[in-house]
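Reading through the structure tokens given below for one structure.
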Amino acid sequence: MNGNVAANVLWTIDHRGVATLTLNRPQVHNAFDDVLIAELTERLSRLGTDPAVRALVLTGAGESFCAGGDLNWMRSMVDFSAAENQADALKLAQLLEVLDTLPKPTVARVNGSAFGGGVGLVACCDVAVGVDTARFGLTEVRLGLAPATIAPYVVRAMGARQARRYFLTGERFDAPVALRLGLLHEAVASDALDAAVERLLDDLLKGGPLALAACKRLVGDVTASPDRDGLKRDTAALIARLRVSDEGQEGLHAFFARRAPTWIR
């Protein structure tokens with residue numbers, strides 16, 4: 001079964017019940033905007049409740065996995081109020097929660113680089129395998145912002161100590177480092193990516209569907225915050241406050257003006 005080839009999110013379901021979702025904005029390195037977020041949330045929600053779907057693969061079209069927020073979308077939010085920013089951030093927070101709690105095993109097929117929210121998508125998947133040439137980064141701090149809505153998932157994936165470094169420095173890192181941090185489970189040559197994904201799917205499909213869903217809930221129950229809704233609200237409120245702060249406004253305006261922000265001497 002094939003999805004709409006003109007959509008921002010392509011989807012297929014093969015004879016095994018493996019659904020593949022492909023972020024389909026290669027011209028902007030699969031950066032997301034409000035439309036892609038809505039489409040991806042809706043499609044994930046449908047596939048998550050489809051009894052014919054056994055597993056899900058998330059990947060990107062073209063040379064990148066996901067570059068994070070689309071620049072034009074970010075530009076449109078520069079003058080948003082705190083309330084508008086929070087409502088917008090909650091939509092991304094909802095997408096991440098839907099992906100994280102999907103009652104099917106999920107595999108991130110990281111076909112290229114991932115930044116910001118793209119790293120969040122990788123961290124929300126149960127298993128992540130990527131090409132060894134991929135680059136990663138959590139560069140929000142350089143805009144006077146923070147990787148707030150993705151933080152619960154990225155911190156869980158790489159640990160608090162490593163998250164402190166990469167949240168604070170905004171430095172980019174390569175696939176071997178992502179592997180060492182735990183963001184990726186495997187890093188392979190580009191021509192071996194599909195075979196690696198197929199090996200994972202072969203193992204996943206050997207598990208009972210109810211047992212797989214139970215295992216996902218088990219890990220979540222053991223590690224989750226006792227107040228998930230509160231965490232979602234708090235992280236969305238944080239990014240909203242930062243976007244309208246003097247520093248956030250300076251960082252965004254400097255970025256779009258192609259100049260250094262005032263905190264860089």
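Every number in this text was worked out from the coordinates using simple rules, so none of it is lab data. Just so we're clear, the structure is a prediction, and the values are computed from it rather than from any experiment. No Cβ is skipped: glycine too gets one built from the backbone with ideal geometry, and neighbour counts run over all protein chains shown.
For the options LEU179, LEU218, LEU231, a Gaussian network treatment of the chain with springs between C-alpha atoms closer than 10 Å singles out LEU218 as fluctuating the most.
Between THR49 and SER245, the modelled label-to-label distance comes to 3.9 nm, taking each label 7 Å out from Cα in the direction of the beta carbon.
Say the dipole of the chain comes from +1 at the beta carbon of Lys and Arg and -1 at that of Asp and Glu; which of CYS66, THR169, VAL129 then lies farthest toward its positive end? Farthest along the dipole direction, towards plus: THR169.
Springs between Cα atoms under 10 Å define the GNM used for the chain, and in it the highest mean-square fluctuation of PRO209, PRO51, PRO105 occurs at PRO51. Place a point 7 Å from Cα of GLU198 in the direction of its Cβ. Which residues in the stretch 26-58 have their backbone N less than 13 Å from it? Answer for the stretch 26-58: none. Our estimate of slack between ARG228 and ALA189, defined as 0.36 nm per intervening residue step minus the Cα-Cα distance, is 10.3 nm. Between ALA160 and ALA7, the modelled labels are 4.0 nm apart [label points 7 Å from Cα along Cα→Cβ]. For the chain, modelled as a GNM with alpha-carbon contacts under 10 angstrom, which of THR133, THR20, THR235 fluctuates the most? Maximum among the listed residues: THR133. Put simply, the C-alpha atoms of the stretch 128-216 give a gyration tensor, and the ellipsoid matching it has half-axes of 28, 18, 9 Å, longest first.
Order these by the 10 Å Cβ neighbour count, fewest first: LYS104, LYS91. All intermediate terms of the calculation are to be shown ahead of the outcome.
Numbers: LYS104 22, LYS91 15.
In increasing order of surrounding Cβ atoms, one gets LYS91, LYS104.
By DSSP, the beta bridges lying fully in the stretch 1-158 are antiparallel in about 25 percent of cases.
Taking Kirkwood radius over Cα pairs in Å as calculated from this structure, the corresponding entry among (i) 20.6; (ii) 18.7; (iii) 19.4 is (ii). Using alpha-carbon positions, what is the distance between the centroids of the stretch 149-175 and the stretch 3-66, in Å? If you average the Cα positions of each part, the centres end up 25 Å apart. Taking label points 7 Å from Cα along the Cα-to-Cβ direction, SER76 and LYS206 give a separation of 4.7 nm. Between VAL9 and ASN24, the built amide H atoms are under 5 Å apart, and every one of these is 5 or more places off in sequence or on another chain. In the stretch 42-61, whose amide N lies under 17 Å from the spot 7 Å out along Cα-to-Cβ of THR101? List them in ranges. Once the point is set 7 Å along Cα→Cβ of THR101, 42-50 turn out to lie under 17 Å by backbone N, inside the stretch 42-61.
Helix-derived [θ] at 222 nm for the chain: sum -39500 (n - 2.57) over DSSP H runs of at least 4, divide by residue count, nearest 500? List each step's numbers first, then the result.
Working: 11 runs with 128 residues, N = 265.
Only helices count here, giving -15000 deg cm²/dmol.
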